[in-house]
Amino acid sequence: MAGDTQGEADEAALADLAALLRTTEGEAYDLTRLEPESTPLFNLDSIAAAVVDSHGETSFATPAFIGMEGPACVDAEIVRRVLHSDATVSAPVALAGAEESAVFLYARAERATGWRLPPGVHEAAVARPGQVVVLTSHAAHVTPPLEAACRAHGLNGLQTRVVTEIVRTGGVRPAAAAAGVSYNTAREALAEALARAGVRRLPALVTQLMSLAFGVLPDADASEVLGDLWGLTPRQAAIAGLVAGGASRKTAAAVLSVSEAVVRKDLERVHLMLQVSTASALSRKVVEARALRWLTEATGGQIGFADTAEPLLLVRRPDGRRIAVSDYGPSSGRPVLVVHSSTTTRVVARGLLRALHAEGYRPIAIDRPGFGLTDEIAGLEAGAHDPFAAATDDVVRVLDHLRIDRTDLVARGAAQFVLALHQAAPGRLGRVVLVNPDPHMAASGRGVGGVNLTKQAFQRNPAVIRLLAGPLTRGVTAEGFIRRLQRDVCGSPPDEAALQDPELTRDYFRAVRTFATGRHAGIINEQVAFARGTRPPTVRGTKGWTVLVGAHDFMHDPQRVAVYWRDVLPDAELRVIADAGRFLALSHPHHVLAALRREPPAGS
């Protein structure tokens, strides 16, 4: 049945593409019906949930639920009420060592299987339909995700210790006592943490760290959940959201067109109802409410979770916006920048990663603007700027931050970005390997099946890139995504063989997964550029570059691609790899390493 549903979704997507192709020049096409719904990507370690029997005894629980002593907080009377009434009940719970309460949601197991439950909890709920699922989004006591969020913002050990205690206790003075430092030391550490995170106010810092600890949450209004759980009015919920985002009372009053006196009075009521005494504690509650909303939205069950953690460092632009970086280390290795394609993010496949590490490299990957966790560049609109040139400043900023003067580079596609980087910072690049570089769409030649139809649609209207996000947001699991990919590569023997490797397919899925959270700006910007672009001018001074083209690339005509890039990069070495396809960098990493060494690959 799942396969049939997936097939129907594929047919519907192709039908939409075909309808778009039938539109004439200037004729409108309703793209709103193609807009995908956003979905979160949760960190499994941050989710506290359990399945309990009719006596409130735990049948299964996540480590986070156990770590916060959740089993001792389960109310057996509420469990029995839920089993008899089939209602979903929310209840505040006082936690040991915390001044504020957490919200526990109770629902019959068969009802809760539609929530975003961690796989183990979901399986236990399916196996025990007569029991009750207990869920909470209180994550302040789950230390590892919060500490990882601090590290991603570049906080040192002392700053991390102080800030995590502020999140837990709600204030600087109690946090200092809990961290075992003086109040002045805690204040200094907090000031440095605010500067490193690029925010001015403590509530905004708490919001950033808590949100990142949960994973990747799409922008969403938490007012409905705050109203349902705590009885806040729409205006009170709006004030809570603004304060949690770092707004002052004066700013909140201006935004809502009310007086500061009204904001102050409503905020006092909010603090009373949410049982908090500080703005930072309020921020934590708002993020938890937002996470609870996403957790309890109806889904297919086992989706919306990141199955492998990526190293994360957030580097700030001058305007405070963030650049997401994965530095895989070791710091003593030779730097190599691994550039993602125009339809993936910074995740480096483990096979390529192992190969680079074995050769003594230090792989570093950066999400370009609007991809993954990197913010868009302020003031730039799709189709009104060159996204490849605009992305180069981020790379220079990251290299400077990491104190790297010069780096080798491996790119899957994205050659236009590499050319822009070469022009903007020519002295920063060493050896360069371009793997299956994409030409602009008019010069790419054939595509296969739905891929070819999609390319035609992009050329007519690049906005239909949103269709690619649709399958990721309609409840498709990794298995469903891989099945679709296997259909796309049909006719490319090397790619068909590559997709038999479960590690490779899982890594590829991880590299596209964050698009499901609604962060589509980067992919749209670059697809617009591909659709409207022309061949770049001839580039000289690239004798240290190698272009690798898979002879079975299902996306483009390999011979046309080879001719295209020979014209653009006449000084570079070009190799057509006879036994490789689109996934050359992932399935044949030895060719990448040979190109980095500029030596013939083994057996050639």
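Qualifying trypsin sites (Lys or Arg not before Pro) in region 166-235, where qualification requires a DSSP coil assignment and no more than 14 other C-beta atoms within 10 Å, comprise 200. The translational diffusion coefficient of region 223-296, from Stokes-Einstein at 4 °C and 1.567 mPa s with a Kirkwood hydrodynamic radius over alpha carbon pairs, comes to 108 µm²/s. Quick one: in region 143-216, what % of C-alpha pairs are over 15 Å apart? Everything past 15 Å amounts to 45 percent.
For region 163-224, GluC sites (Glu not before Pro) are listed when DSSP marks them as loop and at most 16 other Cβ atoms sit within 10 Å of their Cβ; the list is empty. Summarising the amide proton neighbourhood of residue 334: residues at separation of 5 or more, or on other chains, whose placed amide H is nearer than 5 Å comprise 361, 362. Per the Cα gyration tensor, region 42-136 maps to an equivalent ellipsoid with semi-axes of 19, 16, 11 Å, ordered largest to smallest.
Backbone amide hydrogens, once placed in the peptide plane, bring residue 549 within less than 5 Å of 436, 575, 576, 577, excluding anything fewer than 5 places away on its chain.
The alpha carbon convex hull volume per residue for region 360-430 rounds to 105 Å³. In this simple spin-label approximation, residue 551 and residue 258 carry label points 7 Å from Cα along the Cα→Cβ vector, and these lie 7.1 nm apart. Cβ crowding within 10 Å, taken as a proxy for footprinting-reagent exposure, orders 285, 265, 250 from fewest neighbours to most as 250, 265, 285.
Taking amide H as placed 1.01 Å from N in the peptide plane, residue 216 has its amide H under 5 Å from the amide H of 41, 42, 43, each at least 5 places away in sequence or on another chain.
From most to least packed by mean Cβ count within 10 Å, the peptides 489-498, 582-591 give 582-591, 489-498. Note on residue 576 and residue 173: their simple-model spin labels are 7.6 nm apart, each label 7 Å out from Cα toward Cβ.
In terms of packing, defined here as the mean over residues of other Cβ atoms within 10 angstrom, the peptides 338-350, 251-263, 563-575 line up highest first as 338-350, 563-575, 251-263. Each residue, residue 235 and residue 84, gets one label point 7 Å from its Cα in the Cβ direction; the gap between the two is 4.1 nm.
Bear in mind that the values in this text are calculations on the coordinates, not laboratory data. It should be emphasised that the depicted structure is a prediction, and the values quoted were computed from it without experimental measurement. Methodologically, a virtual Cβ is constructed for each residue, glycine included, from the backbone with ideal geometry; neighbour enumeration extends over all protein chains shown.
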